[in-house]
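Asks: Sharing a structure, written as structure tokens. Questions coming.
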């Protein structure tokens, strides 16, 4: 009976450092991933901003075409 208890205690004590390691690795991995994402987004941010401004400009000219055609009808 004492051998079973000793094996159980050894298994529990071996998993404690592993559990602590996992609880350190999860936030560390999340922080590294978040930093990588921020760097990736800022690297390509200007490229997407230009496309957005161009798209908004096209939409505004599209809206103006309706306003000018409505004023022609009146």
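Asks: Test residue 66 against the criterion of being loosely packed, with under 10 Cβ neighbours inside 10 Å and at pLDDT 75 or above, and give yes or no. Even if it seems obvious, please write down each step before you answer.
Replies: On the way: loosely packed, with under 10 Cβ neighbours inside 10 Å: yes; at pLDDT 75 or above: yes.
Taking the combined requirement at face value, the residue satisfies it.
Asks: Checking the condition at pLDDT below 85 and surrounded by 10 or more Cβ atoms within 10 Å (Cβ to Cβ), which residue from 35, 31, 10 passes?
Replies: 10
The values are calculated or read from the model by the stated rules, or taken from the named source; none is laboratory data. From a predicted model like this one, the values you see are computed outputs, not experimental measurements. All Cβ positions, even for glycine, are placed from backbone atoms using ideal geometry, and neighbour counts span all protein chains on display.
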